[in-house]
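K.L.:
The structure under discussion is supplied below as structure tokens; questions concerning it will follow.
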Amino acid sequence: MPLVVALVVTAGVVVGYVVHRDHTSAGAAPLPTASGSPAPVPSSPAPRGAVLPALQASAPEPTSAGVTLQLAADAHQLQRSAHLAGEVIDADTGTALWAHSPGAPEPPASTTKLLTAAAALTALGPNDRLVTSTAASGHTLYLVGGGDPTIVANRHSVYSPVYPRPATLAALAHRTAAALGSVHRVHLKLDVSKWTGPRAAVGWKPSYVTEGDITPPSPLEVNEGRTDPSDEFAPRTPNPAEQAGQVFAGLLEHDGVRVVGAVTGGTAPAGTPELAHVDSPPVSALVQRMLTVSDDDLAEALGRAVAIEAGLPASFAGAAQAVLAQVRSLGVSVTSVTLHDTSGLSHRDRITPRTLVDLLRAATASTHRDLRWILEGLPVAGLTGTLADRYQVKPSVTARGIVRAKTGTLTGVNTLAGTVVDRSGRLLVFAFMASHAALPGLTVPDLDDLAARLARCGCGG
């Protein structure tokens, strides 16, 4: 299987990167990346200043015995405080190098987002966008939610991320006012008919909204429903569409259009002409943001977009079904996988380590070019996203900038799945899943130490 791996992060562009809790949606930006398709890493020494080492075409193939010996002590240490399942494979050959219950369904937490990312990139395509629009029938104006949770009030919003640049309700209001022409008084209705189903998934904590983890799913929201857009950990509103409607009404008035009466819900009749729209960043950028900062709202939105593309209800159940079907179409087994959402917030989700490593291996292959955006979105150890504040002390600090992995955190659950270039220049793929953790403060460093061991491994035959 040929490998294509993106080298997109350099030491000079990670200063000031914001760290986020893994189990929360986050509004700050992932690291900017170059536009266009990821470029292959040359099989030559990495240029001075590069964070990620280059792959070496002549690197010896690691042996199972060598990798097992390398991981033995740290794996044993981790198993003293948690239940461990995992697998390490050679990305080029697919050979299993270390395994501990690799086929066991385990709580994945936010590593679920790897499946959602793969499904979105292949079902929708990396260039697709989520559209928020307005439509009018007489003097009734409809604000139609298209499932873009990244939309913000305006460019000056504190919550607005640097990358990817989001759409704004201010731009939509301005375009709508221009399209209305001489009409300066309207009734505003909020169309959220694009999505359906319950407000919470099976296995969600009732406090997720008030704790700031996620907004109740809605195709229409602003600032991801945060009650204080300047605080990434602020509680979310229980009524995101209503919040967005009030913000939009104020922006319309600023552009000379007054909203008369109460802002209410309502579905635009079929054939109602569109007045204006704004587009989200492309799916490729949305996937990068979702993975880097572990954005739960965005994960649920992308899952529903995949469901709509598949002709299924845009609900928790429809999204989970659509994501699994799309991942299966990539040749990745999902036989033992159970999803109740597409963000990983559900404590009843189950994914096997083997599913995660097989999916990540597919992302390194030249036969699945669209999946390479997943590799760009993975947090970089000690530098970006949910790994920015990890890999800071010995022994894991030796893998700073080398390990790239999606994290997962729920109560009693810590997971890590990604890629690492070993000391010989060989690309390895891994998934480590710890559950029933008595002391998460110890479990997380133990997971990091396992991945760091792979970076230090010269385990070739």
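The values are calculated or read from the model by the stated rules, or taken from the named source; none is laboratory data. On a predicted model such as this, the values are computed, not experimentally measured, just so you know. So basically every Cβ, Gly included, is an ideal-geometry build from the backbone, and we count neighbours across all protein chains shown.
K.L.:
From the residues in the range 352-370 that are hydrophobic (A, V, I, L, M, F, W, C) and surrounded by fewer than 24 Cβ atoms within 10 Å (Cβ to Cβ), which one is farthest from the chain's Cα centre (by Cα)? Can you show your working first?
P.N.:
Just the residues of the range 352-370 that are hydrophobic (A, V, I, L, M, F, W, C), to begin with: 356-357, 359-360, 362-363, 365.
This time we only want the ones that are surrounded by fewer than 24 Cβ atoms within 10 Å (Cβ to Cβ), so: 362, 365.
Values: 362: 17, 365: 20 Å.
For the range 352-370, the residue satisfying everything is 365.
K.L.:
Working only within the range 147-170, note down all residues that are modelled with pLDDT of 95 or more and over 21 Å from residue 242 (Cβ atoms).
P.N.:
none
K.L.:
Between 267, 342, 272, 335, which is surrounded by fewer than 16 Cβ atoms within 10 Å (Cβ to Cβ) and touching a Phe, Trp or Tyr at 6+ places or on another chain (Cβ under 9 Å)?
P.N.:
Working: 342 fails: surrounded by fewer than 16 Cβ atoms within 10 Å (Cβ to Cβ); 272 fails: surrounded by fewer than 16 Cβ atoms within 10 Å (Cβ to Cβ); 335 fails: touching a Phe, Trp or Tyr at 6+ places or on another chain (Cβ under 9 Å).
Sole residue among the options that is surrounded by fewer than 16 Cβ atoms within 10 Å (Cβ to Cβ) and touching a Phe, Trp or Tyr at 6+ places or on another chain (Cβ under 9 Å): 267.
K.L.:
Could I ask something else about it? Give the residue, chosen from 104, 120, 75, that is out of contact with any helix residue (DSSP H, G or I) (no Cβ under 6 Å at 6 or more places or on another chain) and part of a helix (DSSP H, G or I).
P.N.:
Only one candidate qualifies: 75.
K.L.:
Identify the residue in the range 290-345 that is among the polar types (S, T, N, Q) and closer than 29 Å to residue 383 by Cα and, among all such residues, is farthest from the chain's Cα centre (by Cα).
P.N.:
342
To keep it simple, each residue is scored yes or no on (1) touching a His at 6+ places or on another chain (Cβ under 6 Å); (2) of a type in the set (Ser, Thr, Tyr); (3) in contact (Cβ under 8 Å) with a residue 12 or more places away in the chain; (4) within 22 Å of residue 372 (Cα to Cα).
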site	(1), (2), (3), (4)
101	no, yes, yes, no
104	no, no, yes, no
111	no, yes, yes, yes
114	no, no, yes, yes
119	no, no, yes, yes
124	no, no, yes, yes
127	no, no, yes, yes
132	no, yes, yes, no
140	yes, yes, yes, no
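K.L.:
Only one residue in 229, 269, 238 is over 27 Å from residue 177 (Cβ atoms) and of a type outside the set (A, V, I, L, M). Which one?
P.N.:
Only one candidate passes the filter, namely 238.
K.L.:
Test of understanding: among 191, 148, 128, which residue is in contact with a helix residue (DSSP H, G or I) (Cβ under 6 Å, 6 or more places away or on another chain) and among the charged types (D, E, K, R)?
P.N.:
Answer to the selection: 128.
K.L.:
crowded, with 19+ Cβ neighbours inside 10 Å and of a type in the set (S, T, N, Q): does that describe residue 110?
P.N.:
Judged against the criteria, residue 110 is a match.
K.L.:
A further question on this structure: Could you please find all residues in the range 272-306 being among the hydroxyl-bearing types (Ser, Thr, Tyr) and under 22 Å from residue 183 (Cα atoms)?
P.N.:
Kept after step one, since they are among the hydroxyl-bearing types (Ser, Thr, Tyr), are these residues of the range 272-306: 272, 280, 284, 292, 294.
Across the range 272-306, the qualifying residue is only 272.
K.L.:
Starting from the range 373-398, take each residue that is in contact (Cβ under 8 Å) with a residue 12 or more places away in the chain and on the phi > 0 side of the Ramachandran plot and list its partners that are buried (at least 22 other Cβ atoms within 10 Å of the Cβ) and aromatic (Phe, Trp, Tyr), counting only C-beta distances under 8 angstrom and pairs at least six apart or across chains.
P.N.:
382/391
K.L.:
Given the residues 218, 284, which is the only one that is part of a loop (DSSP other than H, G, I, E, B), touching a helix residue (DSSP H, G or I) at 6+ places or on another chain (Cβ under 8 Å) and either of a type in the set (Ser, Thr, Tyr) or at pLDDT below 95 (or both)?
P.N.:
Criteria check complete, one pass: 218.
K.L.:
Considering only the range 126-204, give the strands (runs of 3 or more DSSP E) lying wholly within it that have at least 2 residues that are among the charged types (D, E, K, R).
P.N.:
185-191
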